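Student: Below are the structure tokens for one structure; questions will follow.
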Amino acid sequence: MSRIQYIFPGQLVAMIKAQEILNKKFNGEDWRKKMSLGMAKTAMLVEFAEAANEIQATWAWWKRDRTLDLSRAHVEFIDVLHFAMLIALYRNSEEQMIEALYDEEPDMYGPVADPHNNFIKAITRFFTAVDQDNRKNIAVGLYNIINTGALLYAMNPGEVFEVYRLKNERNHERVDGGILEGKYDKSKESDLL
């Protein structure tokens, strides 16, 4: 049996820092005032649905066409992570999130045999921690979303980190290209992976 690989806290810290920079680029220094927690949760759930749709072959037993495009699934999973980190940073500063990550070793839960259920549980527990404004559980929840999602989407920690980095760069290009003013044409983008 192979050992499960988890993302390193240092990788997650780099992702949190990059997300905070992106949040400010999209909406300025006071980005938290330009959105609500409910809006961010809705966006994350929409991305979750898009990610789940990309891996129908793993759960839609009634469908005849069970093809799987992992590249697209990976990008959609990273979109879920962007919103999870945005939500975590909505509740806590970058420094508070990093401190909470190193406060105690995050703990994974559940058997690897049911990655779909574990990913859903991770998202549910993350939302509960956000609603309770529990910094430690938000950090652990973010860590668990990444690791249970990586298992579900067949990614190792290095791939999660790299695809996040690429998607983050793409989002910066979109802002620089005028997406906030309606001037950016997404149809001209090449596939990320």
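Student: If you plug each phi of the stretch 37-46 into the Karplus form 6.51 cos²θ - 1.76 cosθ + 1.60 with θ = phi - 60°, what whole-Hz ³J(HN,Hα) values come out, in order, with x for Gly and Pro?
Tutor: My calculation for the stretch 37-46 gives 4, x, 5, 5, 5, 4, 4, 5, 5, 5 Hz in order.
Student: May I ask you to work out the translational diffusion coefficient for the stretch 137-193 at 4 °C, viscosity 1.567 mPa s, via Stokes-Einstein with Rh from the Kirkwood sum over Cα pairs, reported in whole µm²/s?
Tutor: Answer from the Stokes-Einstein relation: 98 µm²/s.
Student: Along each principal axis of its Cα atoms, how long is the stretch 1-103 end to end? Whole angstroms, biggest number first, please.
Tutor: In descending order, the Cα extents are 48, 36, 19 Å.
Student: If you don't mind, there's one more thing I want to ask. Any idea what the relative contact order of the stretch 58-193 is, in percent, if you count C-alpha pairs under 8 Å spaced at least 6 apart?
Tutor: Taking the mean separation of contacting Cα pairs over the length of the stretch 58-193, I get 29 percent.
Student: Using a 1.4 angstrom probe on the protein heavy atoms only, could you order 80, 175, 46 from most to least accessible area?
Tutor: 46, 175, 80
Student: Let me ask you something else. Straight distance only, please: which aspartates and glutamates reach the Cα of residue 33 with their own Cα at less than 20 Å, same-chain residues fewer than 8 apart left out?
Tutor: Correct list for residue 33: 20, 94, 95, 131, 133, 181.
Student: Follow-up. Could you tell me the center-to-center distance, by alpha carbons, between the stretch 144-179 and the stretch 14-71 in angstrom?
Tutor: Answer, in whole Å: 10.
Student: Expected output is a single nm value to one decimal: the length gained when fully extending between residue 176 and residue 162, i.e. 0.36 nm times separation in residues minus the C-alpha distance. What is it?
Tutor: The span from residue 176 to residue 162 would gain 2.9 nm if fully extended.
Student: Convert each backbone phi in the stretch 126-140 into a coupling constant with the Karplus relation 6.51 cos²θ - 1.76 cosθ + 1.60 (shift: θ = phi - 60°), then list the ³J(HN,Hα) values in order as whole Hz, x for Gly and Pro.
Tutor: Karplus-based 3J(HN,Hα) across the stretch 126-140 equals 4, 4, 4, 4, 5, 4, 8, 6, 9, 3, 4, 6, 5, 4, 5 Hz.
Student: If you don't mind, another one. Just to verify a number: FRET efficiency for residue 35 and residue 189, C-beta to C-beta distance, R0 = 25 Å, to 0.05?
Tutor: 0.55
Student: If you don't mind, there's one more thing I want to ask. Looking at the stretch 8-73, which trypsin sites (Lys or Arg not before Pro) are DSSP coil and have at most 12 other C-beta atoms within 10 Å of their C-beta?
Tutor: Of the trypsin sites (Lys or Arg not before Pro), the ones in loops of the stretch 8-73 whose Cβ has at most 12 other Cβ atoms within 10 Å are 63, 64, 66.
Student: I want to verify a result. In a Gaussian network model of the chain, Cα cutoff 10 Å, which of these has the top mean-square fluctuation: 35, 44, 97?
Tutor: The residue with the greatest mean-square fluctuation here is 35.
Student: Just tell me which lysines come within less than 21 Å, Cα to Cα, of residue 121; anything on the same chain fewer than 8 places away is out.
Tutor: Output for residue 121: 41, 136.
Student: Just to confirm, what accessible area per residue do you get for the chain at 1.4 Å probe, in whole Å²?
Tutor: Roughly 54 Å² per residue, with all protein chains present.
Student: Which value, in Å² and to the nearest 10, is the accessible area of residue 161 when all protein chains are kept and the probe is 1.4 Å?
Tutor: We get 60 Å² for residue 161.
Student: Taking GluC sites (Glu not before Pro) as candidate sites, keep only those in a DSSP loop with at most 10 other Cβ atoms within 10 Å, then name the longest stretch of the chain containing none of them.
Tutor: In short, 105-193.
Student: Hey, what's the Kirkwood Rh for the stretch 3-61 if you take every pair of different alpha carbons, in angstrom?
Tutor: Every distinct Cα pair counted, the radius reaches 14.3 Å.
Student: Also, quick follow-up: How large is ³J(HN,Hα), in whole Hz, for each residue of the stretch 15-27 in order, when computed from phi with the Karplus curve 6.51 cos²θ - 1.76 cosθ + 1.60 and θ = phi - 60°, using x for Gly and Pro?
Tutor: These are the phi-based 3J(HN,Hα) values: 5, 4, 4, 5, 5, 4, 4, 5, 4, 5, 5, 6, 9 Hz.
Student: Probe radius 1.4 Å, ligands and nucleic acids left out: which of 98, 146 has the largest accessible area, and how do the rest follow?
Tutor: These residues rank, largest area first, as 98, 146.
Student: Within the chain, what whole-number % of the accessible surface is contributed by carbon and sulfur, with the 1.4 Å probe and all protein chains included in the calculation?
Tutor: The nonpolar share, carbon plus sulfur, comes to 52 percent.
The values are calculated or read from the model by the stated rules, or taken from the named source; none is laboratory data. Being a predicted model, the structure only gives us computed values, none of them experimental. We place every Cβ from the backbone using ideal geometry, glycine too, and count neighbours over all the protein chains shown. Protein only, heavy atoms only, side chains kept; ligands, DNA and RNA dropped before computing areas. Shrake-Rupley method; radii C 1.70, N 1.55, O 1.52, S 1.80 Å.
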